[in-house]
1. Could you tell me, in Å, what Rg and Dmax come out for the Cα atoms of the protein assembly as shown?
2. Using each residue's phi in the stretch A:195-206, evaluate 6.51 cos²θ - 1.76 cosθ + 1.60 at θ = phi - 60° and report the 3J(HN,Hα) Karplus result to the nearest Hz, with x for Gly and Pro.
3. Looking at A:S107, A:G83, A:L151, which one has the Cα that reaches farthest to the positive end of the dipole of the protein assembly as shown (charges on Cβ: Lys, Arg +1; Asp, Glu -1)?
4. For the residue pair A:K117 and A:E256, what label-to-label distance in nm results when each label sits 7 Å from Cα along the Cα-to-beta-carbon direction?
5. Taking the Cα centre of the stretch A:143-202 as the origin, how large is its charge dipole in debye, to the nearest 20, when only Lys and Arg (+1) and Asp and Glu (-1) carry charge on their Cβ atoms?
6. I need the trypsin sites (Lys or Arg not before Pro) found in the stretch A:24-66, filtered to DSSP loop residues with at most 11 other beta carbons within 10 Å of theirs.
7. Counting other C-beta atoms within 10 Å, and keeping those with at most 11, which DSSP coil trypsin sites (Lys or Arg not before Pro) do you find in the stretch A:128-223?
8. What is the fewest-to-most order of A:C81, A:C182 by other Cβ atoms lying within 10 Å of their Cβ?
Amino acid sequence: MLEFRLVQGSLLKKVMEAIKDLVTDANFECSSTGFSLQAMDSSHVALVALLLRSEGFEHYRCDRNLSMGMNLNNMSKMLKCAGNDDIITIKADDGGDIVTFMFESPSQDKISDFEMKLMDISSEQLGIPESEYQSIVRMPAAEFQRICKDLSSIGDTVIISVTKEGVKFSTRGDIGSANIVCRQNTSVDKPEEATVIEMKEPVSLTFALRYMNSFTKATPLSNSVSLSMSSDLPLVVEYKIADMGYLRFYLAPKIED
Amino acid sequence: GDTQRSITEFFRVT
């Protein structure tokens, strides 16, 4: 059987809100390492990878590796019933066809059980090679969200270019064009407000803004976001989940015909 | 115009 108890239950609620519009059904993999998920969107353009390490849970028991197929919309409906301060426990039996979500209020005066049917999902697991990226940009997550939203009112695609001068986000559409340049800025009070550009080589790649905007639904998970880029590799947009792991989005680039 | 590439072109099925 498995049983995970997560004191900061809101993390799980935020993860679901971040991925449920991109991925419909997914297998959650449970092992002694932690609770993870890898899934592609229906167009096979983007890939989501989640890891919540076992050490981040108050209690984590997983007797044997278990794959739980879930409809993310239904899971989100259930997790929406948990309060933001609730402790969430996930329970399942080996070979069973249901998962139980238990929500406890912080004062222990309200305890709810929600049972959800599991599904058989045949999904392809992709091997993601470890890569050295030509450029990595770390910036405030809210700033990145604002840029993606602003640019998508003008164009459908964004060109992200990293040079010594900084990172440039450009778009073009019927009404005109836009360029937003963010320079490295480490002279801020809090490290999460910094913009840090690690450039080994300049890089310029084109991506669909529709996907970028979808990824920014993960903004409540983390103060900062990192963008890892190399020519001819998918972009990695990573939100770290404090003390537990990460939520990563991989996005295939667009190429000129 | 641009062509959208697929993630499966970069990462292989395991």
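Derivation of every value follows stated rules applied to the coordinates shown; laboratory data play no part. Here the structure is a predicted model, which means the values were calculated and not measured. Positions of Cβ are backbone-derived with ideal geometry, glycine not excepted, and every protein chain shown enters the neighbour counts.
1. Rg and Dmax of the protein assembly as shown, Cα atoms, are 19.6, 61 Å.
2. Going residue by residue, I get 10, 10, 10, 9, 10, 8, 9, x, 8, 9, 9, 10 Hz, with x marking Gly and Pro.
3. A:L151
4. 5.2 nm
5. The dipole of the stretch A:143-202 has a size of about 120 debye.
6. For trypsin sites (Lys or Arg not before Pro) across the stretch A:24-66 that sit outside H, G, I, E and B with at most 11 neighbouring Cβ atoms in 10 Å, the list reads A:R64.
7. Within the stretch A:128-223, the qualifying trypsin sites (Lys or Arg not before Pro) (loop, at most 11 other Cβ atoms within 10 Å) are A:K164, A:R183.
8. A:C81, A:C182
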